[in-house]
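Some notes on the structure that comes next.
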Amino acid sequence: MHSILEMLLKNLDKKAKQYKDSSLGCVFLMNNVHHIVQQIQRWELQGVIGEVWVQQKNVSVQQLASAYRRAAWSKVVHFRFLNVVTAYSDVTLSAGIQHFIT
């Protein structure tokens, strides 16, 4: 059973890497792993699969959620930073950054 699930997860991982946008790949993988874990719990297969495996996959879902947030928000922050850089002079930008840091 483990080998089938691991093959399924490897195939899902390969498909997730095909997305041009890494944040979409994270959402795809997170959704599918979460669904697998839910079905295992629904069918009460934790005894067969192993509670540790289920917990590890729950941790993976949380890690994928964090990776998604980083990937999605990094574009927003990068875009916002570019707008700030082009809108202000270097002196004004330096002063703004110093104000933000302190």
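Here are some notes:
- Cβ separations smaller than 9 Å between residues 6+ apart or across chains give no pair from segment 57-76 residues that are outside any helix (DSSP H, G or I) to residues that are open to solvent by 80 Å² or more (accessible area, probe 1.4 Å) and β-branched (V, I, T).
- Output for segment 40-55, where each listed residue is of a type in the set (A, V, I, L, M, F, W, C) and under 25 Å from the mean Cα position of the chain (by Cα): I40, I49, V52, W53, V54
- Hits in segment 42-78 (condition: surrounded by 12 or more Cβ atoms within 10 Å (Cβ to Cβ) and on the phi > 0 side of the Ramachandran plot): G50
- Among the residues of segment 2-41, those that are open to solvent by less than 40 Å² (accessible area, probe 1.4 Å) and among the β-branched types (V, I, T) comprise V33, I36, V37, I40.
- Filtered residue count, segment 38-67, keeping only those that are over 16 Å from E6 (Cβ atoms) and of a type in the set (S, T, Y): 1
- Taking residues in segment 26-43 that are closer than 15 Å to Q63 by Cα, and partners anywhere that are open to solvent by 50 Å² or more (accessible area, probe 1.4 Å) and among the acidic types (D, E), the pairs with Cβ atoms closer than 7 Å and at least 6 places apart or on different chains are L29/D13.
The values are calculated or read from the model by the stated rules, or taken from the named source; none is laboratory data. If you're wondering where the values come from, they're calculated on a predicted model, not measured in any experiment. So basically every Cβ, Gly included, is an ideal-geometry build from the backbone, and we count neighbours across all protein chains shown. Accessible surface areas use protein heavy atoms only, side chains included; no ligands, DNA or RNA. Shrake-Rupley method; radii C 1.70, N 1.55, O 1.52, S 1.80 Å.
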